[in-house]
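Here is the structure we will look at, set down as structure tokens.
Coordinate-derived values only; no laboratory data. Worth saying up front: this structure is predicted, and the values here are computed from it rather than measured. Cβ sites come from the backbone with ideal geometry, for glycine too, and all protein chains shown count toward neighbours.
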């Protein structure tokens, strides 16, 4: 588990942004539609928790929020040398120089901290507010769905029986102890602190284990820089010596099992392998003292290695990446670096199964699955798997999109689906469900030199590993019928301004014959649908695989579509309930500037959209006589009040006096901020 985030402490205060002078406000919300509205009006969404969203917003936007009835829960303007943090385990008094902005009920708070303040004087934990938080995970129903419920597969059951406690124990002992044969005796614990030289032995051990399973060419080391200030800040908490390291390079270890379909994307099974000892009684010096991290988190790494070993011989349509993160204890640094890079290059990450602390609980074979609303399908799928294969593992699904204490969190920030599997969330929380119900005993060895293998519940680690293996193995070894499905967001615009529709097989059997896909455009009330595309998908769609179909389109605006698969009922499926879905799209040009509708009929709130307009470009409209009748700037206050999105300018067919213009042919021009003419053309206006 982590408790301080992001590389260079000093850099948190040096990075400037376009919205640095805008106030930060906290807005109350109840429904996903309200959260979407908040995001559209804001300059930047910074963080979302249940019932509150923190955003940067202009004064005009704040006025609009008030007009629309949103509760403004807090408003704050940070000086140039201060930044915002989420504080966990809040209690008072706050240390000097830490200002409370919003109290989240005692479990967390938003605070503002000066650059020079000594955060290590606090006994709770700080997490810098993200600069850009993707709200996708909060928007109600998931965009993907679990496999249809089917019978247990004997092949999967046989595979998970191969999960070996002895191998799991050997991995944990090797990662936590210098000499596994000696056991947890004084002087035999090793350090896996992210910048301690000894951690490189663990890096190489994980690399070699994955290479033996997947092949040397399938394993990569992903290096990143932690920054000495992050180390000093982390180590200095609780009065520990905060030495600056000589080398601040850390490594993620990434092993890939390729899928049969290169375009299908990939799942991630992951855990962090760095450790810390900051809670050690009497103090902890990272240069001198060990950080064995047996439960936190050699247990999770053992799961990753065992899962790779058992799944390596199976064939899946998509790939699986088995990843051991470093820098988690210093602030999710390794997973943050990876998630940011994956998002920038457009990786199709289907789901992230992150495991952190899965072996301490001596009371019960129990695991908590932490999800956000959009990732709930993944947790529900894992619960179904545990029941189907009678794993003897009690699972509690906790929906908490504010959870920021392990390596699933960066994937939520970027809108990916992810879950956290953990023995108790939080491991030291006295008021957690597990502790209150007598299902979990507080882990007193957490983040200390006493976190050694002697305390591990190996049966819990084994059953949790079986859960991870079975969840993915069903796609390769499961037995049953296919199940074709389309879901909300399976139809979308692409960068060429055409459409792409994705059809999935979420069943356990292969689609053995060709089937139809049909897309109709409907009225905005979902009536009067007209077929605009129809094609056949060839046979051979494997379990878990998807097919992407290209639809020529080149039209923009508000639209409703009906997507249907296998309209003739040729495929014998588990269920046909998910063979059709309506989808609302607001299509904006991606490859060019587009002006629509043209002709433009004024009245009844109709609007002409200049879409794909570069930032701060000028749009001018000239009348039939050549006179300038109207002009606007992309992203100015007037356009924001009108509801324009980024790279969009709206014209309601009025002149500068806000009077509707007459019939005729008008000419528009679009100039860049530097004055370059980007586009010039005509608009036919009808009243």
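For segment 162-238, what class follows from the C-alpha gyration tensor (a ≥ b ≥ c being the square roots of its eigenvalues): rounded when a/c is under 1.5, otherwise prolate if a/b is larger than b/c, else oblate? Because a/c hits 1.5 or more and a/b fails to exceed b/c, segment 162-238 counts as oblate. The long axis of helix 333-344 is offset from the longest Cα principal axis of the chain by roughly 30 degrees. Rounded if a/c is under 1.5, else prolate if a/b beats b/c, else oblate: with a ≥ b ≥ c from the C-alpha gyration tensor eigenvalues square-rooted, which is segment 378-467? Because a/c hits 1.5 or more and a/b fails to exceed b/c, segment 378-467 counts as oblate. When only alpha carbons of segment 594-686 are considered, Rg and Dmax amount to 12.1, 36 Å.
Across the chain, the relative contact order, built from alpha-carbon pairs under 8 Å that are at least six residues apart, equals 12 percent.
In the chain, the longest principal axis of the Cα atoms and the axis of helix 376-388 are about 40 degrees apart. Taking other C-beta atoms within 10 Å as the exposure proxy, 499, 353 rank 499, 353 from fewest upward. Compute the distribution of all C-alpha to C-alpha distances in segment 499-587, in bins of 5 Å from 0, and list the percent of pairs in each, rounded to whole numbers. Binned Cα distances yield the sequence 3, 13, 25, 25, 16, 11, 7, 1. Counted residue by residue at 0.36 nm each, then reduced by the alpha carbon distance between them, the extension gain from residue 74 to residue 682 reaches 214.2 nm.
Axis of helix 299-311 versus longest Cα principal axis of the chain: the two differ by about 70°, to the nearest ten degrees. For the chain, the fraction of C-alpha pairs more than 42 angstrom apart is 34%.
Averaging 1/r over each pair of different alpha-carbon atoms in segment 292-450 and inverting the result gives 16.5 Å, the Kirkwood hydrodynamic radius. Of 153, 191, the sequence from fewest to most neighbouring Cβ atoms within 10 angstrom is 153, 191. Between segment 254-328 and segment 183-209, what is the separation of their alpha carbon centroids in Å? What the calculation gives is 14 Å, centre to centre.
Of 172, 45, 654, the sequence from fewest to most neighbouring Cβ atoms within 10 angstrom is 654, 45, 172.
How big is the C-alpha Rg of segment 230-307 next to the rule-of-thumb value 2.2 N^0.38 Å, as a ratio?
Ratio of Cα Rg to 2.2 N^0.38 Å: 1.48.
Taking the helices alone, the chain has a mean residue ellipticity at 222 nm of -6000 deg cm²/dmol, built from -39,500 (n - 2.57) per DSSP H run of at least 4 residues and averaged over all its residues.
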